[in-house]
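Inspection log for the structure reproduced underneath, given as structure tokens.
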Amino acid sequence: MSRTKVLVAQEAGACYGVNRALDMVRAALRDADGPVHTLGPLIHNPSVVQELEREGVDVVQHAEERPGGTLLLRTHGVTPDEEELARRSHNLVLDATCPFVVRAHRAAEQLTREGYQVIVLGEPGHPEVEGTLAHAPGARTVSSLDDLGRLVMGRRVGVVVQTTQSRARLRRLAAELIGRCEELRIIDTICEATTLRQSAAASLAERSDVMIVIGGRNSANTTRLAEICRESCGRTHHIELPVELDPSWFEGAPVVGVTAGASTPQQQIDEVVLAIREMVGE
Ligand code: SF4
């Protein structure tokens, strides 16, 4: 009889924004006249993107690459210039940007309009962060407290946050900014799906001997989940597909915890859980 239990985090896997984008692309495939493309990968999950490609949805890197037809704007948003180009070059543009990402864009615009020096807490170069920066001319990205040393701090500082950051990071940044400027305004744009998945993952990691985190390696929220799990469970592995599982990971592990990023569909979670159960004989 197996001594290993496999537990799945209470909150894990595909979120509202990802499900909405997948519903939109499938409706476009069904109803649209002509080809359907996405501007950049629709979501940060390579196997789902490949599956969409097999169904006929190609990823383009620039709107003008394949003019005409239907173009979906990716879940994590685009810059205003990219959107304008998309609308000029395509018959139909469907905006699959998650409403919580749009909220971060609006917050950055508002702070800029009100005269704050805008800081975006997030990963430099991430498409969501690039989109937010483009809505706030002059804004700068901060990914760690070290980056603050390179900024000339204004009198009034406004902060918005990449939706997938952790609140612990935001608290550390806020504590560091207090005393460095006269006025500090923070608009917390971390999305609730992120917070719920992070706290469920942290709580499961504390009780687990091994943690498996499922999701794209290019997914910011999945990478953050893996970091959080590693804080209390050293045997944490970030995988995309069941084929990456190694039976030796589970040796002498009474409890295996499983969580998944916000762009991981339930079916992928089920496949990984089944593969682990077969390996440990649960
Ligand atoms: S993680 Fe949050 S912001 Fe990102 S797509 Fe999902 S709901 Fe939207």
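See the values below:
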quantity: Qualifying positions in the range 14-34 - near the ligand (Cβ under 9 Å from one of its atoms) and in a helix (DSSP H, G or I); calculated: Tyr16, Gly17, Val18, Asn19, Arg20, Ala21
quantity: Number of the condition not met by Asp188 [criteria: (1) free of Cβ contacts under 8 Å to residues at least 40 places away in the same chain; (2) more than 18 Å from Thr132 (Cβ to Cβ)]; calculated: (2)
quantity: From the options Gly215, Gly234, Gly261, Gly257, residue that is of a type outside the set (Ser, Thr, Tyr) and on the phi > 0 side of the Ramachandran plot; calculated: Gly215
quantity: Positions within the range 175-190 being open to solvent by 20 Å² or more (accessible area, probe 1.4 Å) and closer than 25 Å to Gly77 by Cβ, in sequence order; calculated: Arg185, Ile186, Ile187, Asp188
quantity: Residues located in the range 102-121, provided they are within 12 Å of the ligand (Cβ to nearest atom) and either open to solvent by 10 Å² or more (accessible area, probe 1.4 Å) or not aliphatic (A, V, I, L, M) (or both); calculated: Val102, Arg103, His105
quantity: Residue count for the range 225-282, restricted to those that are part of a strand (DSSP E or B) and either among the acidic types (Asp, Glu) or more than 16 Å from the ligand (Cβ to nearest atom) (or both); calculated: 8
quantity: Residues (away from the ligand (no atom under 16 Å from the Cβ) and buried (at least 19 other Cβ atoms within 10 Å of the Cβ)) located in the range 35-51; calculated: Val36, His37
quantity: Residue pairs meeting the criteria (Cβ under 8 Å; at least 6 apart or on separate chains; first assigned to a loop (DSSP other than H, G, I, E, B), in the range 147-169; second within 16 Å of the ligand (Cβ to nearest atom) and open to solvent by 50 Å² or more (accessible area, probe 1.4 Å)); calculated: Gln162/Glu123; Thr163/Phe100
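The values are calculated or read from the model by the stated rules, or taken from the named source; none is laboratory data. Everything numeric in this text was worked out from a predicted model, so none of it was measured. Virtual Cβ from ideal backbone geometry, glycine too; neighbours counted across all protein chains shown. Keep in mind that these areas ignore ligands, DNA and RNA; they rest on the heavy atoms of the full protein, side chains included. Shrake-Rupley method; radii C 1.70, N 1.55, O 1.52, S 1.80 Å.
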